[in-house]
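Novice: I am attaching a structure below and will ask some questions about it afterwards.
The values are calculated or read from the model by the stated rules, or taken from the named source; none is laboratory data. Please read all numbers here as calculations on a predicted model, not as lab measurements. Positions of Cβ are backbone-derived with ideal geometry, glycine not excepted, and every protein chain shown enters the neighbour counts.
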Amino acid sequence: MADTRNADLTFGATDYLVSMAPLNTISPTGFADLADPWQCLGWVTTDGGLFKITEETKDIEAAGSLEPIRTLLTKSTKSLQVTFLEGINPLVRSLYDNVPASLLKPTTDMASYDLPDQPNDLRYAFCFDTMDGDKQMRLYMPNGKVTERGDEQPQTGDAMSVEMTFTFYKGATGNAVKRILSYGGVDVSGFFPTEGGGS
């Protein structure tokens, strides 16, 4: 077995960007800067984003066996939690308040809107970009929405943060989540030995 350890394959995020676009906007290719209709949601905390895959299973038990005879995967949910720092960013506010962004367009420097009594099912496409020098990761989700919101606390001691959890669903033409990786020039050929072995 070859020793393929390489410290250059560690990943420490030096920047974290969240962008949104209309529902089912096609996946970007590569890591070029996102263009229209993608819009950046501004600064996030140094915690970046917390991506989670939650799976639920059900064991099938039967007489004559002390162990389950089969396990069914009943649910697989993909979500991502981010804390935004721009508390009055119109796009961030629209996601947190669950209203269309058009309601936040200012009239004489102000916007006024009602928070919905019944939750709106507002869905968008999202990209979450993480950079570590030349190494990059992008998560693309064609169909996502905010499903949890942190408490809102304007205060004098710190900037008001806006915490949201996004949940992702299968898109019109693709899976719920697509990951794009750039190794940043690091040689990873040792992880993919040639077929048939031999030297």
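Novice: Run down F51, F31 and say which single residue is of a type outside the set (S, T, Y), in a loop (DSSP other than H, G, I, E, B), under 30 Å from F191 (Cβ atoms) and touching a strand residue (DSSP E or B) at 6+ places or on another chain (Cβ under 9 Å).
Specialist: The unique qualifying residue is F31.
Novice: If I26 meets every condition in (1) closer than 14 Å to M141 by Cα; (2) outside any loop (DSSP other than H, G, I, E, B) apart from one, which number is that one?
Specialist: So I26 meets the others, but not (2).
Novice: OK, next. What is the number of the single condition among (1) touching a strand residue (DSSP E or B) at 6+ places or on another chain (Cβ under 7 Å); (2) at pLDDT below 95; (3) not β-branched (V, I, T) that Q118 does not meet?
Specialist: So Q118 meets the others, but not (1).
Novice: Mind listing just one residue for me: the one in the range 165-181 that is over 11 Å from the mean Cα position of the chain (by Cα) and not hydroxyl-bearing (S, T, Y) and, of those, surrounded by the most Cβ atoms within 10 Å (Cβ to Cβ)?
Specialist: Among residues in the range 165-181 that are over 11 Å from the mean Cα position of the chain (by Cα) and not hydroxyl-bearing (S, T, Y), the one surrounded by the most Cβ atoms within 10 Å (Cβ to Cβ) is G171.
Novice: From the list T10, T14, T71, T25, which residue is of a type in the set (S, T, N, Q) and under 30 Å from A159 (Cα atoms)?
Specialist: Sole residue among the options that is of a type in the set (S, T, N, Q) and under 30 Å from A159 (Cα atoms): T14.
Novice: Considering each residue of the range 143-158, count those that are at pLDDT below 95, surrounded by 13 or more Cβ atoms within 10 Å (Cβ to Cβ) and not charged (D, E, K, R), and give that number.
Specialist: The total comes to 1.
Novice: May I pose another question? Mind listing whichever residues of the range 159-199 are in a loop (DSSP other than H, G, I, E, B), modelled with pLDDT of 85 or more and closer than 30 Å to N6 by Cα?
Specialist: Correct list: V177, Y183, G184, G185, V186, D187, V188.
Novice: T74 fails exactly one of the following numbered conditions: (1) more than 16 Å from the chain's Cα centre (by Cα); (2) more than 24 Å from K178 (Cβ to Cβ). What is the number of that condition?
Specialist: Condition not satisfied by T74: (2).
Novice: Quick one: which residue in L80, L91, L103, L122 is closer than 22 Å to G42 by Cα, aliphatic (A, V, I, L, M) and in contact with a Gly (Cβ under 6 Å, 6 or more places away or on another chain)?
Specialist: On inspection, the qualifying residue turns out to be L80.
Novice: Same structure, new question: Let me spell it out: the conditions are (1) of a type in the set (S, T, N, Q); (2) out of contact with any Ser or Thr (no Cβ under 9 Å at 6 or more places or on another chain); (3) under 16 Å from L91 (Cβ atoms), and N143 meets all of them except one. Which number is the exception?
Specialist: (3)
Novice: Here's a follow-up. So which residues in the range 113-142 are assigned to a loop (DSSP other than H, G, I, E, B) and either without any contact (Cβ under 8 Å) to a residue 40 or more places away in the chain or surrounded by 17 or more Cβ atoms within 10 Å (Cβ to Cβ) (or both), if there are any at all?
Specialist: Selection gives Y113, D114, L115, P116, D117, Q118, P119, N120, D121, L122, R123.
Novice: I need a count of the residues in the range 1-23 that are among the charged types (D, E, K, R) and assigned to a strand (DSSP E or B).
Specialist: Of the residues in the range 1-23, 1 are among the charged types (D, E, K, R) and assigned to a strand (DSSP E or B).
Novice: Can you tell me which of (1) on the phi > 0 side of the Ramachandran plot; (2) at pLDDT 90 or above; (3) of a type outside the set (F, W, Y); (4) more than 15 Å from the chain's Cα centre (by Cα) is the one G64 doesn't meet?
Specialist: Result: G64 fails condition (2) only.
Novice: Take the range 149-173 and flag every residue that is within 14 Å of S79 (Cα to Cα) and either in contact with an Asp or Glu (Cβ under 6 Å, 6 or more places away or on another chain) or touching a residue at least 60 places away in the same chain (Cβ under 8 Å) (or both).
Specialist: Correct list: E163, M164, T165, F166, T167, F168.
Novice: Give me the pairs, please: first residue somewhere in the range 49-78 and among the aromatic types (F, W, Y), second residue anywhere and surrounded by 11 or more Cβ atoms within 10 Å (Cβ to Cβ), beta-carbon distance under 6 Å, and either six or more positions apart or on two chains.
Specialist: Sorted first by the residue in the range 49-78, then by its partner, the pairs are F51/L80.
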